[in-house]
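Below is one structure, written out as structure tokens; the observations come after it.
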Amino acid sequence: SNFSQALNTVVVGLAADSGCGKSTFMRRMTQVFGGDPAPPAGGNPDSNTLLSDMTTVICLDDYHLNDREGRKVSGKTALHVEEQEFDLMYEQVKALKDGKSVDKRIYNHVTGVMDAPEKIESPEILVIEGLHPFVDKRVRDLCDFSIYLDISDEIKFAWKIQRDMAERGHSLESIKASIEARKPDFDAYVDPQKEFADVIIQVLPTQLIPGDTDGKVLRVRMIQKEGKEMFDPSYLFDEGSTISWIPCGRKLTCSYPGLKMFYGPDTWYGQDVSVLELDGQFDKLEELIYLESHLSNTSSKFYGELTQQMLKNSDFPGSNNGTGLFQTLVGLKIREFYELLVGKEVKVAA
Ligand code: ADP
Ligand code: G6P
């Protein structure tokens, strides 16, 4: 093989609306690569970058065209494609993938202005997370693995209320209004990207409680593309079959409304996928080993690694349901994908 063509950096794209759990997801994923996130480069507290030994997560908000004042002039939301600098995004992601370092701007989420740039070194795994990683075809094609975090409107609303009402003192009306104002651009420019993802994590209201509007109990689906190289979808019991399973009983404690798993084939924008689903939540995190022992192709390095990771991060949101479980599972799948693609082993402590 040609040395100059050697793969330096594996690029992972993660698309989602803001406030949908991307940072939590990234903290789970980074730990699967054996690294605890370090403080940002240069000690800049306003940096949006998450650094650890092997991985660097950059936030695509840093490629906004205008700052907050500028958007007031343009009259466009931060979700609009014309409010992003895709040329710069492409150039810098390409440079990092080619092993070069870049000086990347920082969009300061507190002040709403662009701060002085930070130097980003080319990492082994680069994650680009944000609103538009798959909109520009050049950037999309740089992504070796693509993930879409798909939070349904009902759940997004419940999470926003929880955060903005309880923690930031906003009114119900103002939260509703801000969600409605963003929705047309979200539907036009962010949502369509889910067609391009290799894995989609969908978060929906539970079906275990009829008419539930609480958004506390979640039905989470991990939609996995079939036929992608270096990626074998995880499955329940028997690959390719269709299975509905209620694991509650002697080995798994379930209080109301219980827990239900599903696995089966489906299609996604005309492509074959297989779906793993978990509706409900677990009472005792250590009993997750019982579920894990029925899952195959988890890409774990030792028996119980998935459960161990979940226990390690038990204080993260979503640790008692499918969001935490599938985010961790995607982390394991990406670690294996990296190892197979690059031919290197990621060392982890058992
Ligand atoms: P982002 O990085 O996309 O803005 P965060 O990871 O900071 O999102 O999460 C934003 C908020 O959403 C959290 O403070 C929490 O209230 C809520 N949240 C995120 N993930 C979950 C989850 N899996 N379950 C419940 N709430 C969650
Ligand atoms: C989105 C973007 C952020 C932006 C926010 C508010 O969530 O991800 O980068 O700061 O919208 O945008 P605004 O125009 O109100 O500052």
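Quick notes on this one:
- DSSP-defined beta bridges in the chain - what % are antiparallel, rounded to 5: 65
- Prolate/oblate/rounded label for the chain (Cα gyration tensor, a/c 1.5): oblate
- Checking the cross-link pairs 160/225; 216/260; 251/284 against a 20 Å limit on the alpha carbon distance flags 160/225 as lying beyond it.
- Heavy-atom accessible area, probed at 1.4 angstrom with all protein chains present, ranks 85, 226, 277 as 226, 85, 277, highest first.
- The chain: DSSP helices with Cα axial extent of at least 18 Å and average Kyte-Doolittle hydropathy no lower than -1.0: 172-185, 322-342
- Taking all protein chains into account, the per residue accessible area for the stretch 72-210 stands at 46 Å² (1.4 Å probe).
- Cα centroid separation - the stretch 217-265 against the stretch 303-342, whole Å: 15
- Straight Cα distances below 19 angstrom link residue 119 to the aspartates and glutamates 46, 53, 61, 62, 85, 87, 91, 98, 103, 129, with same-chain residues fewer than 8 positions distant left out.
- Solvent-accessible ranking of 118, 82, 339, largest area first, probe 1.4 Å: 82, 339, 118
- Apportionment of accessible area to carbon and sulfur, the chain, percent (1.4 Å): 50
- What the phi angles of the stretch 200-212 give under the Karplus curve with 6.51, -1.76 and 1.60, with θ = phi - 60°, is a coupling list of 10, 9, 9, 10, 10, x, 4, 9, 7, 10, x, x, 5 Hz, glycine and proline written as x.
- Spin-label model, residue 340/residue 248: points 7 Å from Cα along the beta carbon direction are separated by 3.6 nm.
- Gain on full stretching of the segment that runs from residue 226 to residue 116 - 0.36 nm per residue minus C-alpha separation: 35.3 nm
- Using C-alpha pairs below 8 Å separated by at least 6 residues, the relative contact order for the chain is 18 percent.
- Isolated Cys residues of the chain, judged by Cβ distance under 4.7 Å to other cysteines: 20, 59, 143
- Overall, the stretch 197-298 carries a charge dipole of about 340 debye about its Cα centre when +1 sits on the Cβ of Lys and Arg and -1 on the Cβ of Asp and Glu, all other atoms neutral.
The values are calculated or read from the model by the stated rules, or taken from the named source; none is laboratory data. No experiment lies behind these values; they were computed from the predicted model shown. With ideal geometry, Cβ positions are generated from the backbone for all residues, glycine too; neighbour counts draw on all protein chains shown. Ligands, DNA and RNA are stripped out before the accessible areas are found, and what is left, the full protein with its side chains, is counted by its heavy atoms. Shrake-Rupley method; radii C 1.70, N 1.55, O 1.52, S 1.80 Å.
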